[in-house]
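So the structure is just underneath, and the comments pick up after that.
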Amino acid sequence: MSEERALAAVEAAGLAYAVTRHGRVGSLEEAARVRGVQPRDIVKTMVVRRGDGDHLFVLVPGDREIAWPKLRALLGVSRLSMPDAATAKEATGYERGTITPFGSTTAWPVVADESLTGEPGRRISLGAGAHGVAVTVDAEAALAALDARVADVTG
């Protein structure tokens, strides 16, 4: 059900995509290999909590981490947190490890790290709503479809 919702949202956005289905993977490198991309092209979709009932998605390349001071400064807030698994599922409709902004039950704002842009034709791989399922899309087209705010938010 969740996979279908995510893929329907990718289709509705008019994006060309490829679906990869694989079992559990043990590392970023293994995930990249089975998806046919570089580790930096695996994109983690992080759910970040600004306040009660106020979340956003932060898209982070697989080989980077959120730089919390940068993200707080961008958003103009003094506190951010990562919700627990149950809260993240309630906010998005997806289980942790499957979360994608595509087809989320609430269309939260999206912030994408600037390192995901600037390379025409670059393909990125995101979770697709189910464990072991990913969707590979053009980076620039996906960020445009998500109306992502692009900024330096990783370290």
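The values are calculated or read from the model by the stated rules, or taken from the named source; none is laboratory data. These numbers come from a predicted model, not from an experiment. Neighbour counts are summed over all protein chains in view; Cβ atoms, including those assigned to glycine, are modelled from backbone coordinates with ideal geometry. We work out accessible area using only protein heavy atoms, side chains counted, and drop any ligands, DNA or RNA first. Shrake-Rupley method; radii C 1.70, N 1.55, O 1.52, S 1.80 Å.
For this structure, a couple of remarks:
- Theoretical ellipticity at 222 nm over the chain - DSSP helices of four or more residues, -39500 (n - 2.57) apiece, nearest 500: -7500 deg cm²/dmol
- A convex hull fitted around the alpha carbon atoms of segment 97-155 yields 93 Å³ per residue.
- Size descriptor for segment 57-109, Kirkwood hydrodynamic radius: 12.4 Å (Cα pairs only, one decimal).
- A DSSP coil position with no more than 13 other Cβ atoms inside 10 Å describes the following trypsin sites (Lys or Arg not before Pro) in segment 44-114: 79.
- With only Cα atoms counted, the chain has Rg and Dmax values of 14.4, 40 Å.
- DSSP beta bridge pairing in the chain, given as percent antiparallel to the nearest 5: 70
- Solvent-accessible surface ranking, highest first, for 55, 131 at 1.4 angstrom: 131, 55
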